[in-house]
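The values are calculated or read from the model by the stated rules, or taken from the named source; none is laboratory data. This one's a predicted model, so the numbers in the text were calculated from it and none came from an experiment. Here the Cβ positions follow ideal geometry from the backbone for every residue, glycine too, while neighbour counts run over all protein chains shown.
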Amino acid sequence: MSRNIITGIDIGTYNIKVVIAEYEKRGSKLPSIIGFGFSESRGLRYGYIINTNDVKSSLKKAIDQAERSSKVKIKKAYISTGGISLDSLISSGSTIISRGDNEITDMDIDRAIESSEKNIPQQEITNKKIIHTIPLSYKIDGKTILGRPVGMSGIKFEVNTLFVTCLDQHFQDLVQAVEEIGVEVEDVVAAPIAASLVAISRAQKIAGVVLANIGSETVSIIVYDNNIPISIKVFPIGSTNITNDIALGLKIPLEEAEKIKLGALTRTNFLKKKLDEIIMARLTDMFEMIDSHLKKIHKNGLLPAGIIITGGGSGISTIEDLAKATLKLPSKIAQVKYPMDSKIQIKDSSWTVAYGLCVLGFTDEEESVGIRIAKNTKNNLISWIKQILP
């Protein structure tokens, strides 16, 4: 009997993380982790590949480690894309119902979504690739409808659609680097979407929540409302900026600054008040950027489930309180949902993207967000199924 195994590869600027998971269908809703590997990222900056050979070398190290721990040879994988080119935009489209009896079909939904894509301003899409298409809301004859539109009747059908994009060149470089080391790319997924599958609950997504992943050079966010992702944004600031600030402020080496940032004991003598001021200043910058974006999409102060923080930078001790004070929202560190029967347990929330890719990769797994995977092995895309409804 063949094993149902999926691999997720999170290609971050600081680390490359690989998770191998197996879905055994024994009552668990989540796949069991059977192996993992990681390596220091080389050849990446702000999510961009600047040296393909260095990236391939780092990938190979992480993959080899994961293969040894799982005793499984990785032949294909889902990979994440992040970096500062990742973005989202909303566009509307419409179509006239095609059937003579005015009943709405899947074809009408597809045509309306195609119309919304055509209506994206050219300057917003130049050099970019659409990697996810997510219907947000529907109208029939000018009236917003709830529920699945197929089978309803009308004359004019409209859709409001979220498009998740990234730089086409970055997308192609990413796929090429993975495939050149002998791993077939099944699909490419926006990192915040992958993380959201295991870092936030269905109840939080329904109420309204923002998931913030604090990486080394970027902070990425995904905003959910009524169980639908309504915005994705990446900011060019990360936990490395905090390390640099501490090194400059305390006049110490970067390695020592990194340990102090994470609360480790060191030989450096410093005033705690000064350290707190340094960390607080940079974290405030991060959360003010998030708050500014929430204002732009009219969600500031209006997300009952608050902000959930994950990523390598989430280990900073004062981060929850500062997020709460700046955003005026409930705040907590992500508690990652790993199956209890996993052969390997991972506690670190910085693995959410890699594990989320595995969850997303099981085609028969209907996640709480109501998505299914449509594999497109030729163009390496993942499609958001039309059944996602408000």
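For Thr326, the test of being touching a strand residue (DSSP E or B) at 6+ places or on another chain (Cβ under 9 Å), part of a helix (DSSP H, G or I) and either at pLDDT 80 or above or surrounded by fewer than 14 Cβ atoms within 10 Å (Cβ to Cβ) (or both) is failed. For Gly147, the stated conditions do not hold, so it cannot be described as farther than 25 Å from Ile193 by Cβ and in a loop (DSSP other than H, G, I, E, B). Looking across the stretch 171-182, the residues that are closer than 17 Å to Asn53 by Cβ, assigned to a helix (DSSP H, G or I) and in contact (Cβ under 8 Å) with a residue 24 or more places away in the chain come down to Asp173, Leu174, Val175, Gln176, Ala177, Val178. Could you check, for the stretch 42-54, whether at least one of its residues is assigned to a strand (DSSP E or B), under 22 Å from the mean Cα position of the chain (by Cα) and aromatic (Phe, Trp, Tyr)? So far as the stretch 42-54 goes, yes, one or more of its residues are assigned to a strand (DSSP E or B), under 22 Å from the mean Cα position of the chain (by Cα) and aromatic (Phe, Trp, Tyr). Screening Glu117, Glu124 for residues that are in contact with a Gly (Cβ under 8 Å, 6 or more places away or on another chain) and not in a loop (DSSP other than H, G, I, E, B) leaves exactly one candidate, Glu117.
If the condition is being acidic (Asp, Glu), over 18 Å from Ile9 (Cβ atoms) and assigned to a helix (DSSP H, G or I), then the stretch 58-110 contributes Asp106, Asp108, Asp110. Every test in (1) assigned to a strand (DSSP E or B); (2) touching a Leu at 6+ places or on another chain (Cβ under 8 Å); (3) not β-branched (Val, Ile, Thr) is passed by Glu158 save one, and that test is (2). Selection of the stretch 16-32 for residues being modelled with pLDDT under 90 and assigned to a strand (DSSP E or B) yields Glu22, Ser32.
Here is a yes/no grid of residues against (1) among the hydroxyl-bearing types (Ser, Thr, Tyr); (2) out of contact with any strand residue (DSSP E or B) (no Cβ under 8 Å at 6 or more places or on another chain); (3) surrounded by 23 or more Cβ atoms within 10 Å (Cβ to Cβ); (4) modelled with pLDDT of 95 or more:
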position: Thr133; (1), (2), (3), (4): yes, no, no, no
position: Gly147; (1), (2), (3), (4): no, yes, no, no
position: Val150; (1), (2), (3), (4): no, yes, no, no
position: Glu186; (1), (2), (3), (4): no, no, no, no
position: Ala195; (1), (2), (3), (4): no, no, yes, no
position: Ala207; (1), (2), (3), (4): no, yes, no, yes
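The residue that is modelled with the highest pLDDT, among those in the stretch 1-15 that are among the aliphatic types (A, V, I, L, M) and surrounded by 15 or more Cβ atoms within 10 Å (Cβ to Cβ), is Ile9. Checking each residue in the stretch 241-279 for being under 27 Å from the mean Cα position of the chain (by Cα), buried (at least 18 other Cβ atoms within 10 Å of the Cβ) and among the hydrophobic types (A, V, I, L, M, F, W, C) picks out Ile242, Ile279. Tell me yes or no: at least one residue of the stretch 243-256 is under 20 Å from Ile221 (Cβ atoms) and modelled with pLDDT of 90 or more. Within the stretch 243-256 (the criterion being under 20 Å from Ile221 (Cβ atoms) and modelled with pLDDT of 90 or more), the answer is no, since none of the residues qualifies. Within the stretch 48-73, restricting attention to residues that are more than 18 Å from Trp351 (Cα to Cα) and of a type in the set (A, V, I, L, M, F, W, C), the residue that is surrounded by the most Cβ atoms within 10 Å (Cβ to Cβ) is Val55.
For Ile206, the criteria (1) touching a residue at least 60 places away in the same chain (Cβ under 8 Å); (2) assigned to a helix (DSSP H, G or I); (3) among the aliphatic types (A, V, I, L, M); (4) farther than 21 Å from Asp10 by Cα hold in every case but one, which is (1). Can you confirm whether Thr95 is within 28 Å of Val189 (Cβ to Cβ), of a type in the set (S, T, N, Q) and not assigned by TED's automatic domain parsing to the domain that holds Gly356? Criteria not met by Thr95. Here Arg45 fulfils each of the conditions (1) closer than 22 Å to Val164 by Cα; (2) buried (at least 16 other Cβ atoms within 10 Å of the Cβ) apart from (2).
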